[in-house]
Amino acid sequence: MMDAADIVASVLVLGIIVVSLLSNVVVLICFMYSPEIRKQVPGLFILNLTFCNLLLSVSNMPLTLIGLITTGHPGGSGFCQIVGFLDTFLTTNSMLTMAALSIDRWVAVVFPLSYHSRIRHRDAVIALGYTWIHSLCFSTVATCRSWVGYNHLYASCTLCSVRAKGAGTQFIIFTVVLHSLTFLLTLIVLCVTYLKVLKVARFHCKRIDVITMQTLVLLVDIHPSVRQKCLDEQKQRRQRATKKISTFIGTFVVCFTPYVITRIVELVTPGPINPHWGVLSKCLAYSKAASDPFVYSLLRHQYRKTCSLLANKVLKRSTFNSSSLRIENNARRSDNSSNATNGVQPPTEKPLGQ
C-alpha cells in the first residue's frame, strides 16, 4: 500500500518524465531544423546531453515510477542490470558533457578572437569520445562485477551496495573514485571556468559602464530619466551575467549533491537511511534532465528563434489546410445549389451489390 510520501514522489517522477521528454524533444527538433545551430561546436555537446537525458527519461525514470507504485522490484534481474548500467553510464556522460560545455564557454569568452581556431568540431568529437569512454569504463566495471541492481533506497535500478556486500572495500573505492572523477571533477571544472567567465564579463561590463558614465557627464543637458535608465541598464547587465553563471552552477549542485552525499553516507553509515530521502535525492538527480534543456538551450536566442519559426510554420500549415477545406466545402455547396436550381439531381451512391 502506497503512503502519502510515495504518492507525492510518484507524481513528482511522472512530472519530471513529461517535462524532460517534451523539452528534450524540442531541443532535438531545433537541432535538426536549424543549420545555424548544427554548425556550431556547442551544438554537438548539447546534442549529446539531450541524447543522455532522453534515454534516461525513457529507461530509468519509468522503472523508478513503477517501483514506487508497486513498492517492489520492477522487471527481472537481468533487465534491471541493463537499466542500472544505463543509469551509471548516462549520469556520468551527462556530467562530463556539462564540464565540456563550460570549457567551451570559457574559451569563447576569454579568447573570443581565437575561439574558432582553438575549439573545432574535431576537438568537440574528441572531447565527447572521452566522455563516452570514461562513462563506459565505470558502468562496464560495475555491471561485470554485478554491483548494479534494484536499490530499494532509491526505488531504482542503479549501483546497489546490497549486491556488493561481498566486495567490501573494492565497492567503496569504486564508488568514491566514480563520484570523484564525475561529480567532483565536473563541479571543479564548472566553478573554475564559469567564475573566470563571470570575471571577464564583469570586466567588460565595467568598461562599458565607464564609457557610459563619461558620455553622461559630457551630455550635461540630458534628461534625468534618460540618465537613470542608463544606470539601470548597467545594473541589469551585471545582474544578468551573475544570474546565468549562478544558474549553471546552482542547478548542478542542487540536483546532484544530495544524491552523491547520500551515496557516500550509505557506504560509511551502518544504520539504514530513510528511503523517502533516498527517493527524493534520486528525483532531484532526475530533475537535472528536465532542467538542462532550459538552462543550456531553450532560453538562448537561437533556440527561441528556431522554436518561433517552427511554431509559425506549423500554425501557417494548419491555417492553410483549414482554409483549403473551407474553400472546398463552399465550392461543393455552390455546386449542389446550382444543380438544384437547374433541376439536376446530385449523384447518389448505389447500394452494394447493385
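The values are calculated or read from the model by the stated rules, or taken from the named source; none is laboratory data. The model shown is predicted, which means the values in this text are computed figures rather than measured ones. Please note: Cβ atoms are built from the backbone with ideal geometry, for glycine as well, and neighbour counts cover all protein chains shown. What goes into the accessible areas is simple: the full protein's heavy atoms, side chains included, and nothing from ligands, DNA or RNA. Shrake-Rupley method; radii C 1.70, N 1.55, O 1.52, S 1.80 Å.
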Given H placed 1.01 Å from N in the peptide plane, which residues other than close sequence neighbours of Ser156 have an amide H under 5 Å from its amide H?
Asn151
Of the options Ser281, Tyr296, Ser23, report the single residue whose Cα projects farthest towards the positive end of the charge dipole of the range 4-310 (beta-carbon charges: Lys, Arg +1; Asp, Glu -1).
Tyr296
Would you mind working out the accessible area per residue for the range 4-310, using a 1.4 Å probe, and quoting it in Å²?
50 Å²
Could you tell me the distance between the Cα centroids of the range 121-148 and the range 246-274, to the nearest Å?
22 Å
Report ³J(HN,Hα) in whole Hz for each residue of the range 23-33, in order, from the Karplus equation J = 6.51 cos²θ - 1.76 cosθ + 1.60 where θ = phi - 60°; Gly and Pro get x.
5, 6, 5, 4, 4, 5, 5, 4, 5, 5, 7
Length gained when the stretch Cys191-Phe111 is fully extended (0.36 nm per residue, less Cα-Cα span)
27.0 nm
List, in the order given, every pair from Lys196/Lys282; Lys199/Lys243; Lys39/Lys316; Lys39/Lys196 whose Cα-Cα distance in the structure shown is over 20 Å.
Lys196/Lys282; Lys39/Lys316; Lys39/Lys196
With all pairs of different alpha carbon atoms counted, what Kirkwood hydrodynamic radius in Å does the range 4-310 show?
21.3 Å
Would you work out what percent of the accessible area of the range 259-298, with all protein chains in place, is carbon or sulfur (probe 1.4 Å)?
77 percent
Using r as the Cβ-Cβ distance of Tyr130 and Met32, and R0 as 35 Å, what FRET efficiency do you calculate, to the nearest 0.05?
0.90
Toward the positive end of the charge dipole of the range 4-310, about the Cα centre and with charges on Cβ (Lys, Arg +1; Asp, Glu -1), which of Leu65, Phe111, Val125 goes farthest?
Phe111
